[in-house]
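Shown next, in structure tokens, is the structure this report addresses.
Taken together, the values in this text are just the output of simple stated rules run on the coordinates, not laboratory data. Just so it is clear, the structure is predicted and the values come from calculations on it, not from any experiment. Don't worry about glycine lacking a Cβ; one is built from the backbone with ideal geometry, like all the others, and counts go over all protein chains shown.
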Amino acid sequence: MDNLENNDYETVILTREQALIYYGVESSKPFEINAYLANAGEMLRHAREHRKISVELLGDKINLGPEIIRQIEANRYQGIGGEAFIKGYINLIARELDADGEPVLKVYEALKRRDEHSPGEYVKTRKHDPWGSIVILSILGAAVLIAIVVYYFRYSMVLEESTNRLEKKLHDTEIYSLDELSDTYGPSFSTPRKANNYESELETGQLTLRAKAQTWIEIVDNHGIVIYRDLVNANQTFEFLGNPPYYLTIEDGKAIDLAYQGQTIDFSDALDSEGMARFRLGDF
């Protein structure tokens with residue numbers, strides 16, 4: 001047990017620039033962290049936010065799916081691939097963010113070593129009753145499979161019900177052009193243009209959506225491209241970059257918090273009697 005405690009601390013030294021990028025700390029000297037208590041995914045997320053780059057934009061720059069980036073930032077590596085892929089992605093992300101990937105890799109490897117270390121008592125217990133472990137794992141596997149089947153069945157039912165309800169409500173609307181598309185939407189919302197020269201930032205059309213409850217949404221950009229059309233679940237957050245103005249349909253408008261270009265949008269005026277919202281959002 002003493003050996004385990006002695007190995008419970010592994011130092012990683014960050015330069016002043018690394019401390020600023022990975023932790024937002026203005027350090028006047030090298031910054032020391034405990035690799036076992038650090039968080040590789042959080043370090044990369046802080047670096048991305050320090051550079052003010054969304055997950056989607058970062059994915060476009062390095063040709064990597066946003067979901068993989070989110071998994072790495074959440075330290076979920078199981079479905080990504082082998083060690084070479086994981087370390088390669090970490091290095092690729094850090095390099096694109098103008099950050100040194102070495103400290104993040106040291107933290108990742110230290111935590112991996114710690115997770116692989118098992119106390120002797122635990123190993124002995126596992127060897128004592130191998131069949132019991134197999135039975136437990138089989139039961140857990142069956143329970144997980146049943147839960148997945150039930151979830152997707154329920155998800156399909158809810159999605160079909162929401163789609164049918166919206167199609168019934170909108171069945172008389174036939175759209176042939178973007179001009180006709182804009183005529184079918186209710187109010188238009190925008191944010192004041194900033195008095196600066198960062199026009200490129202305004203043109204990116206950054207859209208952030210946070211769900212407070214499950215609902216169905218559709219987002220179409222000014223080129224007629226469907227950016228998103230699906231259910232969202234409570235506590236999910238999405239970031240989109242497209243060509244504004246956007247055309248939004250939200251089944252339950254009260255279930256969504258919306259921000260455009262970093263500013264909160266109050267679209268309560270767009271709610272109909274059933275709570276559905278249809279509106280335009282962006283620069284016109």
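What the table below lists for this structure:
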| item | result |
| --- | --- |
| With 10 Å bins from 0: P(r) over the stretch 2-116, alpha-carbon pairs, percent | 14, 47, 30, 8, 1 |
| Three-way shape call for the stretch 203-249 based on the alpha-carbon gyration tensor, with the a/c threshold at 1.5 | oblate |
| The stretch 36-97 shape via C-alpha gyration tensor axes, a/c threshold 1.5 | oblate |
| 28 Å Cα-Cα threshold exceeded, pairs from LYS52/LYS87; LYS61/LYS87; LYS87/LYS212; LYS106/LYS212; LYS29/LYS52 | LYS87/LYS212; LYS106/LYS212 |
| Ordering of 10-16, 253-259, 263-269 by packing [mean C-beta count within 10 Å, highest first] | 253-259, 10-16, 263-269 |
| Long-range HN-HN contacts of PHE279 with modeled amide H, under 5 Å | GLY186, LEU248 |
| Spacing of the two label points (7 Å from each Cα toward its C-beta) at LYS29 and HIS223, in nm | 5.3 |
